[in-house]
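Let me begin by presenting the structure, written as structure tokens, before commenting on it.
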Amino acid sequence: MPLPSELARNQAILSEKEWRLACRLCEIGQDHLFRSWPAPGESDADKRRLLRQAIALDEGYPEGLAAYVGNARRLLAASRLGSNPYEGFLTRVPAGVDLRSGGAEILAAEELGMAEAGRLAFVLVAGGLGERLGYRGIKVALPVETTTGKPYLCYYIEFILALERRARAGRLPLAIMTSEDTHALTAHFLEENNHFGMAEGQITLLKQEQVPSLLDNQARFATSPKDPFHIATKPHGHGDVHALLHKHGLARRWVAEGRRWLFFFQDTNALVFNALPAALGVSAREKLEVNSIAVPRSPGEAAGALVRLEHPDGRSLLINVEYNQLDGLLRSATGRGDEPGGDGRSPYPGNINALLFALEPYARTLDHSGGATPEFVNPKYADDRREVFKSPARLECMMQDYPLLLGPEARTGFTLFERSLCFSAVKNNFDEAAGRARKGLPPEGAASAEFDFYAANRWRLEQAGMRFAPAVPIPAAEAAIPSGTRAVLAPSFAPSLGELRRKVLGGNVSTRSSLVVEGEDILIENLDLDGDLEVRAISGARAVLHNLAIRNAGSEIAPLAPGETAATEIAMRGFRILKKASRRIEATRPGLHEFSA
Ligand code: UGB
């Protein structure tokens, strides 16, 4: 195809590399990018800026932009025809390990898991911007709860460090996938907080690249509405994490260091670490290559479902089916869509993208596949012929599609936990979360995540015999979320349920109370609490609390008045905590500190 004259006449202002890429872009149907270029001498810097961006995009996508356009055309053609990627497969409710009964079974699995904890490596995917949340900062900087205000990233790192101290097997590494949107902010946040206690080099940031937005079924690139010299781009999805771990040699390095397990988790789900030790025990016991931490799922909720797909030719696959595809797939395979089973829940477990992989087979899979999980495209069509898009589309990939890279011999499975123990993420703004709560769906807002965090800690403390007065609804927070004692257990105190049961013995706590415990060597016996209490012990100090009865004015949860201004972190919750009085018990010097009635 001849080059557009508008490009040809500008050859002299371009470097050799820019010119070559411009010609290649024309060969792959992107000549429209140059059609409005003015004569040389006008906007020359902008023309070169566009080509420099295109070079970066070309280098950022495996096998370059020509491959991206080829993949996009193929996937767009299939999407236009409404093809089902799992045509011919039958769907089955998958079998996995069910730890919902709680206590004893979790404890047994945890014991195995804690023995393996020293061989873990961690990967946090944090490239998403939280558009549905309407938050402009990075989500990992949001507070998990507003009693202490500790940010998600701090909580995650403290948990890893707590496991590290129990395992005594050296540093446990953490990789964080960032994106153009989150990279600089994440790096800065870590630096200004001294990496929350992690050592130099213990954290690796892996930045994912964006991909061009697509205007139509020919996969023509969109430009930014305000800047014709800038190709509009969008994130390529969390699936990039596997290719990045391969490209940076991390998976191989961790195998060489003798590590055995790799845990992937998301940006705003602090509860997931409650399930990790037991899930790790299940992985070890069942020799699972892939173990998804799963929860019961409500029909229609925006969470993928784990489905076993079976083909008459013998192929069988345990895979996540994303929420926007599930209803159609089930309907064509079974005649029934994403509907409730006998107990009102979806019969298919919900995926929470907390994935535990055996590291050695993972590294081998990356060696032969490069780690590229299959892409998909999800255009919103504006016409019946499926030719016009409402807004530009792009190719995406998902990290939970990793099992598609495995052979039939791979052992894949899942461990099912009560949702209240291990999953409550922050995805929606206040109004959206309230609307979801009214429909009986998990709100997934900042307030629900905060109250769910307290509730999960209460459940854990109950396993140690502590009793809590019942939770009461708070009217303003996302449609009457029940609030009980605000229990905040720092990871340093007890990263496993088994350890918690050795450190807490009985006790009685009122609904309006808050209990914050931070530090490794603390024993709390028969606490009687009505008010706020903070217990802290530095490393090397042992704090023992016997039969303490504590009464104080505590705090009040104050709903925001309509129109009241508040910091974004508070506004997205719809309430603030007004602290009136609190008792602090602190062991700040090494040695034994006893506190009794
Ligand atoms: N993320 C990235 O790091 N890069 C990206 O390009 C995109 C995201 P969302 P999503 O938890 O209930 C997932 O947007 O994709 C990170 C599962 O696919 O919060 O809608 C991002 O920072 C779905 O099956 O979630 O849905 C965040 O940490 C279901 O389980 C993470 O990826 C759902 O999560 C997830 O991104 C869920």
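In the range 180-201, how many residues are among the hydrophobic types (A, V, I, L, M, F, W, C) and free of Cβ contacts under 8 Å to residues at least 12 places away in the same chain?
Let us first name the residues in the range 180-201 that are among the hydrophobic types (A, V, I, L, M, F, W, C), namely 184-185, 187, 189-190, 196, 198-199.
From what is left, the residues that are free of Cβ contacts under 8 Å to residues at least 12 places away in the same chain are 184.
Of the residues in that region, 1 qualify.
Here's the yes/no breakdown for (1) outside any helix (DSSP H, G or I); (2) out of contact with any Ser or Thr (no Cβ under 9 Å at 6 or more places or on another chain); (3) crowded, with 17+ Cβ neighbours inside 10 Å; (4) not acidic (Asp, Glu):
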position: Leu50; (1), (2), (3), (4): no, no, yes, yes
position: Glu59; (1), (2), (3), (4): no, yes, no, no
position: Pro62; (1), (2), (3), (4): yes, yes, no, yes
position: Ala66; (1), (2), (3), (4): no, yes, no, yes
position: Gly70; (1), (2), (3), (4): no, yes, no, yes
position: Pro85; (1), (2), (3), (4): yes, yes, no, yes
position: Gly88; (1), (2), (3), (4): yes, yes, no, yes
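Considered as a group, the residues in the range 299-318 that are touching a strand residue (DSSP E or B) at 6+ places or on another chain (Cβ under 6 Å) and within 13 Å of the ligand (Cβ to nearest atom) include one that is nearest to Ala425 (Cα to Cα), and that residue is Ala303. Selection of the range 524-567 for residues being β-branched (Val, Ile, Thr) and surrounded by 15 or more Cβ atoms within 10 Å (Cβ to Cβ) yields Ile524, Val535, Ile538, Val544, Ile550, Ile557. Within the range 72-83, the set of residues being hydrophobic (A, V, I, L, M, F, W, C) and in a loop (DSSP other than H, G, I, E, B) comprises Leu81 only. Is at least one residue of the range 441-458 surrounded by fewer than 16 Cβ atoms within 10 Å (Cβ to Cβ) and either away from the ligand (no atom under 14 Å from the Cβ) or farther than 30 Å from Pro62 by Cβ (or both)? Within the range 441-458, none of the residues are surrounded by fewer than 16 Cβ atoms within 10 Å (Cβ to Cβ) and either away from the ligand (no atom under 14 Å from the Cβ) or farther than 30 Å from Pro62 by Cβ (or both). Filtering the range 122-167 to residues that are more than 14 Å from the ligand (Cβ to nearest atom) and at pLDDT below 95 leaves only Arg136. Listed conditions (1) assigned to a strand (DSSP E or B); (2) touching a Phe, Trp or Tyr at 6+ places or on another chain (Cβ under 9 Å); (3) over 20 Å from Phe159 (Cβ atoms) are all met by Ala303, apart from (1). Summed over the range 227-266, the residues that are in contact with a helix residue (DSSP H, G or I) (Cβ under 6 Å, 6 or more places away or on another chain), of a type in the set (Val, Ile, Thr) and within 14 Å of the ligand (Cβ to nearest atom) give a count of 1. Taken over the range 378-402, the residue count meeting the criterion of being surrounded by fewer than 20 Cβ atoms within 10 Å (Cβ to Cβ) and either part of a helix (DSSP H, G or I) or away from the ligand (no atom under 12 Å from the Cβ) (or both) is 13. Of all residues in the range 115-155, those that are more than 30 Å from Val535 (Cα to Cα) and not aliphatic (A, V, I, L, M) total 10.
The values are calculated or read from the model by the stated rules, or taken from the named source; none is laboratory data. Remember, it's a predicted structure, so these values are computed and weren't measured experimentally. Counting neighbours? That spans all protein chains shown, and the Cβs are built from the backbone with ideal geometry, glycine included.
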